[in-house]
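S.K.: Just dropping this structure here.
The values are calculated or read from the model by the stated rules, or taken from the named source; none is laboratory data. These numbers come from a predicted model, not from an experiment. Positions of Cβ are generated from backbone atoms using ideal geometry, with glycine treated the same way; all protein chains shown enter the neighbour counts. All accessible areas refer to the heavy atoms of the entire protein, side chains included, with ligands and DNA or RNA removed. Shrake-Rupley method; radii C 1.70, N 1.55, O 1.52, S 1.80 Å.
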Amino acid sequence: MPGSAAVMPVIATDRAELAAVRDGMAGTLALVPTMGALHEGHRSLIRRARQLADSVAVSIFVNPLQFGPDEDFDRYPRTLAGDIEACEAEGVDVVFAPTREAMYPDAPQVTVHSGAMGGVVEGAARPGHFDGMLTVVLKLFNLVRPDVAVFGEKDAQQLALIGRMVADLDLPVEVVGGPTVREPDGLALSSRNRYLSAADRRTGLALWQALRAGADATADGPGAVLDAARAVLGEAADAEPPFELDYLVLVDPATFTEVAPAHAGPAVLAVAGRVGATHLIDNIALQFGTAKES
Ligand code: PAF
């Protein structure tokens, strides 16, 4: 039976509880993996998942393996009661919210290596992040056994890497992306937005403004796109608080390698940086025609 709104989901907090629920499920299952602190972006992924399968599971686990030693693992928002209410309102059938011990009974010796694509762009700014992310996603796939899994397009490199892992390791799951949900002023929804003060938030808007400025220059080719986006980020670097750029890149969506100046075809303009201690990322998909003669 598809989930229906306002029915309390089954909550599983360890492997045995999850296996018991999963073994009793008929039909197809869609999984939405999350780290909790659910917002409208997650809820849109859950609604997409409900269109794709008979039942929906949401996992909620702040995965220590994907955080660097100086990152925000300890202060990452944990809002389980509110997350369960959101899942209930969206008609989720199962919430898998394991403890750290349930997920990693022993320190893992064997993990997923994200390869060259995991070492560039966001992977260069956050070494080890994508290995940890893929490792937990593979474990979630093995434990939950979904037919389809839905991830946000805001984390475009993550989504592309999960697609590669599924293809390279022949995993029996379909990976689907869901569009980024934005505030009316364009700020991409993120669990980390709750760290932002009003002034931080004003500076953080520069990510979307830079992407929009870049997109508006698409007809003039990749160099013009990067120049237009850089100009906006340059102004944000002088704002109070300042925007500290980690990267601004124009990449091939399949490999995340930078595109050539005369590139034609699809590309992703991706930006990341910090406002205070808060790491923000965003991206926009672009399509280039034949580059103009200069
Ligand atoms: O995007 C996230 O919230 C996380 O990276 C994921 C996919 C749930 C893995 O921990």
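S.K.: Any residue in region 125-146 that is farther than 23 Å from residue 19 by Cα sitting within a Cβ distance under 7 Å of a residue that is surrounded by 21 or more Cβ atoms within 10 Å (Cβ to Cβ) and charged (D, E, K, R)? List the pairs, counting only those 6 or more apart or interchain.
M.R.: 129/122
S.K.: While we're on this one: For region 279-294, which residues satisfy the criterion of being surrounded by fewer than 20 Cβ atoms within 10 Å (Cβ to Cβ) and within 25 Å of residue 205 (Cβ to Cβ)? So that I can check it myself, show each step before the final result.
M.R.: Step one: of region 279-294, the residues surrounded by fewer than 20 Cβ atoms within 10 Å (Cβ to Cβ) are 279, 285, 287-294.
Residues satisfying the conditions are 279, 285, 287.
S.K.: While we're on this one: Could you go through region 184-198 and let me know if any residue there is within 13 Å of the ligand (Cβ to nearest atom), of a type in the set (S, T, N, Q), closer than 30 Å to residue 240 by Cα and out of contact with any Phe, Trp or Tyr (no Cβ under 6 Å at 6 or more places or on another chain).
M.R.: There is at least one residue in region 184-198 that is within 13 Å of the ligand (Cβ to nearest atom), of a type in the set (S, T, N, Q), closer than 30 Å to residue 240 by Cα and out of contact with any Phe, Trp or Tyr (no Cβ under 6 Å at 6 or more places or on another chain).
S.K.: Here's a follow-up. Here is a list: 139, 154. Which entry is within 13 Å of the ligand (Cβ to nearest atom), of a type outside the set (A, V, I, L, M) and under 16 Å from the mean Cα position of the chain (by Cα)?
M.R.: 154
S.K.: Among the residues in region 75-87, are any within 13 Å of the ligand (Cβ to nearest atom) and either over 28 Å from residue 12 (Cα atoms) or in contact with a strand residue (DSSP E or B) (Cβ under 8 Å, 6 or more places away or on another chain) (or both)?
M.R.: For region 75-87, residues within 13 Å of the ligand (Cβ to nearest atom) and either over 28 Å from residue 12 (Cα atoms) or in contact with a strand residue (DSSP E or B) (Cβ under 8 Å, 6 or more places away or on another chain) (or both): present.
S.K.: What's the number of the condition residue 94 fails, among (1) open to solvent by 20 Å² or more (accessible area, probe 1.4 Å); (2) more than 15 Å from the ligand (Cβ to nearest atom)?
M.R.: Residue 94 satisfies all of (1) open to solvent by 20 Å² or more (accessible area, probe 1.4 Å); (2) more than 15 Å from the ligand (Cβ to nearest atom) except (1).
S.K.: Conditions: (1) acidic (Asp, Glu); (2) open to solvent by 40 Å² or more (accessible area, probe 1.4 Å); (3) modelled with pLDDT of 95 or more. Residue 70 meets all but one. Number of the miss?
M.R.: With (1) acidic (Asp, Glu); (2) open to solvent by 40 Å² or more (accessible area, probe 1.4 Å); (3) modelled with pLDDT of 95 or more applied to residue 70, the lone miss is (3).
S.K.: Need a quick list: strands (runs of 3 or more DSSP E) entirely within region 7-74 having at least 1 residues that are within 18 Å of the chain's Cα centre (by Cα) and either away from the ligand (no atom under 13 Å from the Cβ) or without any contact (Cβ under 8 Å) to a residue 60 or more places away in the chain (or both). Explain how you work it out, then say what you get.
M.R.: Details: elements: 10-12, 29-34, 55-60.
Where strands (runs of 3 or more DSSP E) fall fully within region 7-74 and carry at least 1 residues being within 18 Å of the chain's Cα centre (by Cα) and either away from the ligand (no atom under 13 Å from the Cβ) or without any contact (Cβ under 8 Å) to a residue 60 or more places away in the chain (or both), they are 29-34, 55-60.
S.K.: Are there any pairs, at least 6 apart or on different chains, whose C-beta atoms fall under 6 Å, with the first in region 194-209 and touching a residue at least 12 places away in the same chain (Cβ under 8 Å) and the second open to solvent by 30 Å² or more (accessible area, probe 1.4 Å) and part of a helix (DSSP H, G or I), and if so, which?
M.R.: If the second residue must be open to solvent by 30 Å² or more (accessible area, probe 1.4 Å) and part of a helix (DSSP H, G or I), the pairs left are 206/232; 209/232.
S.K.: Then there's this: Mind counting the residues in region 237-262 that are closer than 15 Å to residue 214 by Cα, touching a Pro at 6+ places or on another chain (Cβ under 7 Å) and crowded, with 16+ Cβ neighbours inside 10 Å?
M.R.: Counting residues in region 237-262 that are closer than 15 Å to residue 214 by Cα, touching a Pro at 6+ places or on another chain (Cβ under 7 Å) and crowded, with 16+ Cβ neighbours inside 10 Å gives 2.
S.K.: Taking the condition touching a helix residue (DSSP H, G or I) at 6+ places or on another chain (Cβ under 9 Å) and closer than 17 Å to residue 268 by Cα, does residue 163 pass?
M.R.: So residue 163 fails the test.
S.K.: Which members of region 122-135 meet the condition of being open to solvent by less than 20 Å² (accessible area, probe 1.4 Å) and either not charged (D, E, K, R) or not in a helix (DSSP H, G or I) (or both)?
M.R.: 123, 126, 129, 130, 132, 133, 134, 135
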